[in-house]
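Here's the structure we're looking at; comments come further down.
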Amino acid sequence: MVISARLLGRRGRKMLPYCCGVMLSLGFSSVQAQGFDTKIPDGSNTVVAINLAKVVEYAEASTLNRLLDRVGFFKYFEKKSIDLQKDFQQTGFDSKGMAIYYRNDRDSLLYGEMIVPIHAVSRFEQLLNMEGTSLPALNGYNRFRTTDGQLLAWNAKEVRILKGEVGTTYFANDSIAALYGIENIDYAAAAVSATSAAADEAEAAANCADSVLMDSTTMEWDAFDFDTLQAEVQQEEGEPLDVYASATDADTSLYENHINYDSLDTAFEEVNRRNDSIKNILLEKWLLREQEQLLSGNYPNIPAPEQARFLKNVDIARVWLPKVEGLYDGLRSVRSMVDAYYHTSSFSLENDYKAMFFDLTQQGNKITLKTGVTLGKDLVKLTKQLYARKPNPKFAKYLTEETLGYFNVNVNSEAYLKEIPAFFTKNMKKYFGKENEVLELMALGLEIALDEKAVAKIMPGDNLVVVNGITNLKIDYVDYDYDDNYDVKEVNKTKEEKVVSFIWMFTSEDQRIIKKALDVAVSKSDASFVGGIYKIKQGNGKDFPLYLMFNEDLVMISNDSLQLNKILHKDNYPTKPNKSFAKLMKGSKFSAAFQTKKIPALTKDLNLVLGNSWRSTLAELNNYGNFTLSSKGIVGDRLETDLQLELPANANNGLQFMINQLLDGIVPDEQPELDNPIDITDND
């Protein structure tokens, strides 16, 4: 095949169709797979496995071929004598096994490698005709470097595609940059340098050999500010201002020197160009050396048992982060804020959070993203204690067919309160230094003051928020204005809005203190009590009120009195239970769900103005099922969570539907490339 350098763009954008094609092609061969040993280096930041046999099982081959044709992959085969007829069945890749991708981030070099099995190496070599340079074979692998620096290696079992880039912050260290001849300079520094040169010329003209202007070239600048230059130089050198006056009288003022900023731009660009050239040469050498080390097996691989567990029972795809700490290290801005907050440079997640997994699976027309985080031994024990509570079974009857969505979380309040003193001691220790005795005394006092069992009876920790639709809220309130004499006068006003109706409920075995607080509010006219429902003023009466009532062992708070009245008089308002919501809630430590098909009506009721494209998208949601998020808590040593979307049933399955959506959204690749710079001289 002929694939130009434009396909394999420097930033990898043009590599996408090729990579998609390579991976998807694995699923089309009907020949028995040849085994291939994964070679995932130990210490990799991210590892991805794609089960392409499942991809092809879930989605029709013709659909996948149409997708690849739509993204412009097949056009790169059009000039070959071999006619693929837009069918990957012709490619010679193996269909059994996994396509593996891993990424390894170091300070100096960031790289990723994709490994895919080959069934017929002769067929692969017939198709391979990229622009680039052949490299010497190594350890049984044929090798090739593309014009944009990607490295390919293949043998009879597998093909490996390696791509990398220089570490983004590696050369920010001036001492390291200097070793390679890289000059760290920004535009402001270039401006200062040019202006300092102009200052030297001014000094010569004024014959001020010992003037401040001469020494200003040795000053360190963060930015060039003409307005503060005179004050800064005077402060630095202690010279009187008349030195600058004499320079001005001699018509050599720094402000009157003409700096050629066009030349400055050119010089600045030249420095960057030279730096980029050095970095590209280093990247080429480093990446080549890395490939040699990988192919020679000089790096230790992730232990075979761990790789086997990773590759076991992969449905569509699995992502593995072997060390969550590595992900945190990569989020440099977040880490900087955390370190600053805790006044430390050694904040670590390593002891509590080990590895993280993401699994993309399909069950009919349901697509599920499963997430699992492996926790440390102590954190597993603590998490089990904190989330030991189950939801109140009475919650289920408030999940009905009219329920748009709900949110349920269940924590053990007593366990939480018991852990507060220990948490306080552990996390505040750094602020007390040698006065840890004081900290221990405060923690002990907190432990004595908190009666965990008493508080847990008021709010044990199970909570349910139910969204039932839209309510029209109307409120009469008193505002204040000025009359013609500028005297304050009361003005009666009314406001009405459409808002989402909700009910928050929680279990309370001991409701006395809540009731007593509400009775006090009623006596002070901050609340009212009518028909078993408390109405609580908000915002000094200017905001919509909240309503609260007690129903058995539940406390219910809502912005919609009608919903609470329905519950009080449930015999007059028969409703059908939402069995799927109730089942999900009862089987989870934490769960949330929403009826996606009701979003269009909800949007209309709220009078939201949307564009045409959003209108068509909303109309499609009428065919969707539920969107759910749930967690069973700790399973083994993992905290597991499931995110699921039920897609329309008119597709054969979920993945097939998603690919069809992609096909509808991708414009056929018939337009000319727009990556080349535009020649503005055409408009001269």
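What to note about this one:
- Tally of residues being touching a residue at least 60 places away in the same chain (Cβ under 8 Å), in contact with a helix residue (DSSP H, G or I) (Cβ under 7 Å, 6 or more places away or on another chain) and of a type outside the set (S, T, N, Q) across the stretch 564-621: 5
- Scan of the stretch 362-385 for residues that are farther than 15 Å from residue 636 by Cβ and surrounded by fewer than 20 Cβ atoms within 10 Å (Cβ to Cβ), ordered by number: 363, 364, 366, 368, 369, 378, 382, 385
- Search result, residues across the stretch 106-139 that are within 26 Å of the chain's Cα centre (by Cα) and surrounded by 18 or more Cβ atoms within 10 Å (Cβ to Cβ): 109, 110, 111, 112, 113, 114, 115
- Single unsatisfied condition, residue 434 versus (1) outside any helix (DSSP H, G or I); (2) surrounded by fewer than 18 Cβ atoms within 10 Å (Cβ to Cβ); (3) at pLDDT 90 or above: (3)
- Residue list for the stretch 160-169, filter: at pLDDT 90 or above and of a type outside the set (Asp, Glu): 160, 161, 162, 163, 164, 166
- Taking the stretch 488-533 as the range and being acidic (Asp, Glu), assigned to a strand (DSSP E or B) and either over 30 Å from residue 604 (Cβ atoms) or without any contact (Cβ under 8 Å) to a residue 24 or more places away in the chain (or both) as the test, only 490 passes.
- For residue 416, the test of being under 30 Å from residue 503 (Cβ atoms), modelled with pLDDT under 85 and either in the same structural domain as residue 584 (by TED's automatic domain parsing) or crowded, with 16+ Cβ neighbours inside 10 Å (or both) is passed.
- Scanning the stretch 34-69 for residues that are in contact with a strand residue (DSSP E or B) (Cβ under 7 Å, 6 or more places away or on another chain), crowded, with 19+ Cβ neighbours inside 10 Å, of a type outside the set (Phe, Trp, Tyr) and at pLDDT below 85 gives 38, 52.
- Hey, residue 399 farther than 30 Å from residue 625 by Cβ, in contact with a helix residue (DSSP H, G or I) (Cβ under 9 Å, 6 or more places away or on another chain) and modelled with pLDDT of 65 or more or not: no
- Qualifying residue in the stretch 520-527 (condition: modelled with pLDDT of 90 or more, surrounded by 11 or more Cβ atoms within 10 Å (Cβ to Cβ) and small (Gly, Ala, Ser)): yes
- Residue 529 under 29 Å from residue 404 (Cβ atoms), out of contact with any Phe, Trp or Tyr (no Cβ under 7 Å at 6 or more places or on another chain) and of a type in the set (A, V, I, L, M, F, W, C): no
- Taking the conditions (1) at pLDDT below 90; (2) touching a strand residue (DSSP E or B) at 6+ places or on another chain (Cβ under 6 Å); (3) at negative phi in turn, residue 571 satisfies each one other than (2).
- Residues in the stretch 623-645 that are part of a strand (DSSP E or B) and of a type in the set (Ser, Thr, Tyr): 628, 630, 631, 641.
The values are calculated or read from the model by the stated rules, or taken from the named source; none is laboratory data. The structure displayed is predicted, hence computed values, not measured ones. Don't worry about glycine lacking a Cβ; one is built from the backbone with ideal geometry, like all the others, and counts go over all protein chains shown.
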